[in-house]
1. Given a cut-off of under 8 Å on Cα pairs at least six residues apart, what relative contact order in percent is computed for region 128-246?
2. So for Y51, Y356, fewest C-beta neighbours within 10 Å to most, what's the order?
3. Just to confirm my numbers, what's the Cα centroid distance between region 434-474 and region 232-278 in Å?
4. Given N residues in region 127-262, what is its alpha carbon radius of gyration divided by 2.2 N^0.38 Å?
5. Measure up K78/K353; K67/K362; K417/K464; K353/K417; K343/K382 against 30 Å on the Cα-Cα distance and list the ones that go over.
6. Could you tell me the ratio Rg/Rh of region 419-487? Both radii from Cα atoms, Rh via Kirkwood.
7. If I model region 141-188 as equal point scatterers sitting on the Cα atoms and use the Debye formula, what is log10 I(q)/I(0) at q = 0.19, 0.20, 0.23 Å⁻¹?
8. Through the Karplus equation 6.51 cos²θ - 1.76 cosθ + 1.60, θ set to phi - 60°, convert the phi angles of region 118-131 into ³J(HN,Hα) values in whole Hz; use x for Gly and Pro.
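Values quoted throughout were computed directly from the atomic coordinates according to the rules given, and no laboratory measurement underlies them. Small disclaimer: the values here were computed from a predicted structure and weren't measured. A quick note on method: Cβ atoms are made from the backbone with ideal geometry, for glycine too, and the neighbour counts reach across all protein chains shown.
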Amino acid sequence: MKLELSPRARLGAAATAIALVAAAAGYGVASLDGSRASTSGATADDREVLYWYDPMYPNQHFDKPGKSPFMDMELVPKYAGEAGDAAGVRIDPALVQSLGLRTAEAHRGTLGSGLTVTGTIGYNERDIAIVQPRASGFVQRTYNRAPDDVIGAGAPLVDLLIPDWGGAQEEYLAVRRTGDQALASAARQRLVLLGMPPSTIAAVERSGRPRTVITIASPIAGTIKSLAVRPGMSVMAGQTLAEINGLGTVWLDAAVPEAMAAQARPGRPVTAILTAFPGETFPGQVRAILPQAETESRTITARIELANRGGRLRPGMFATVNFAGAPRSALLVPSEAVIRTGKRALVMLALDKGRYQPAEVKTGLEADGQTEILAGLSEGEKVITSGQFLIDSEASLSGMDVRPIGGAAAPQAAKPKTYTASGRIEKIAPDSVTLNHGPVAALNWPSMTMRFRLADPAAGRGFKVDDRVRFTFDQPSEGPTVRSMTRETAQ
């Protein structure tokens, strides 16, 4: 039966192997080119030992040999004269297999710009109605309402007796009976100024009797967030009787990591999946990015508006939010190859003749285990994807400088590789063309819509939107570039 070791156990085993080989050979695991050379007849015992160290904790120095206090292994000596240079640290090829080093090439590929985060449903605070009386009165009747009740538009909330309306209505009815239209119009206008709704005035006109009791109803459908009326109490004009929050739409506040804030821009479409409704998706759109970040979680809040058909989405529900995005071409390395120190990001380059060197890189988005490299690497350079921390430790001990971002190796002067595909023109401009093209097997690209640069503006002349074309393109550092394009004839 094959025994599988955990990553930590494999790392410890590798470090132990380093110590054993170092002890047997009389020098450390990593050495600089030419730094191990000695005079004829010299031995390891003739060299001056500066200190001893544990390869897993290289910054901790000890003044004598012995067991490491951190791991069950012997300390490794550090000899004088083991200074670093620009050639890179070298690792004995026999140890590479013990360390389990793996490499991968920086390559151009398709990076999905999708982002998945979590969020919580809340009320749409823009869909609120405040219910207030226009005149002072007394509560005659309530309709057994309570906060958090869900009611429809026009649902009665309270009956108010408003004594001040009685005299004005009697006066209006008396003036109407005289037949003087001018006075009747003035008396009616007075009723409006006293705050009577048109429906009450119309009822007085129809019945010919004063109506001093008015029923106040909800102007919108939703839930009662607050209710401040009880039978027998008196109310003043402008006093808030109830607050109704509509449920036609709800807000979904999604917590987006600060490093990915650029992907959560207003207007971007999203889909939400709720644990309450497995198998269903709810489309929405980012309405706003709240101005303040959460200091503890280092996230920003993207406010998304969702339609709430049937009122099934309730405030407080938990949701997973997927930000949709079209894939694009990018320079990629495996995410495990990137060492993040907090101030910068590094990769360990695998050079020729078994040498290794740290290089600073500028990273972009991360998706599906791949990280976008914006600067610091060239296509085709090899990076270490496992065991790079031990090599980085030895590089630090040797005093080797990290290759800066501006020092990336220039790409080899070779004829760029070209690819051919077919597609339909979605948009065309003097210097670019947007194509809905089919799969490109050589690049593992699926069918998608993307923008290409035009190497020569003349290549796009004579074409229009919806033309089906066959085109040839390559991938310089500026991005995918169309070199030639011909119109496909209908079959």
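1. Working: 230 pairs, mean separation 57.5, N = 119.
Normalised by residue count, the contact order of region 128-246 is 48 percent.
2. Details: Y51 14, Y356 26.
Listed from fewest to most nearby Cβ atoms, that is Y51, Y356.
3. For region 434-474 versus region 232-278, the Cα centre distance is 42 Å.
4. Numbers: Rg = 20.2 Å, N = 136, 2.2 N^0.38 = 14.2 Å.
Expressed relative to 2.2 N^0.38 Å, the Cα Rg reads 1.42.
5. Values: K78/K353 23 Å; K67/K362 39 Å; K417/K464 27 Å; K353/K417 28 Å; K343/K382 23 Å.
Distance filter (> 30 Å) returns K67/K362.
6. Values: Rg = 10.7 Å, Rh = 11.7 Å.
Taking Rg over the Kirkwood Rh, I get 0.92.
7. -0.68, -0.71, -0.79
8. Running phi through 6.51 cos²θ - 1.76 cosθ + 1.60 with θ = phi - 60° gives 10, x, 10, 6, x, 5, 7, 6, 8, 9, 10, 10, 9, 9 Hz.
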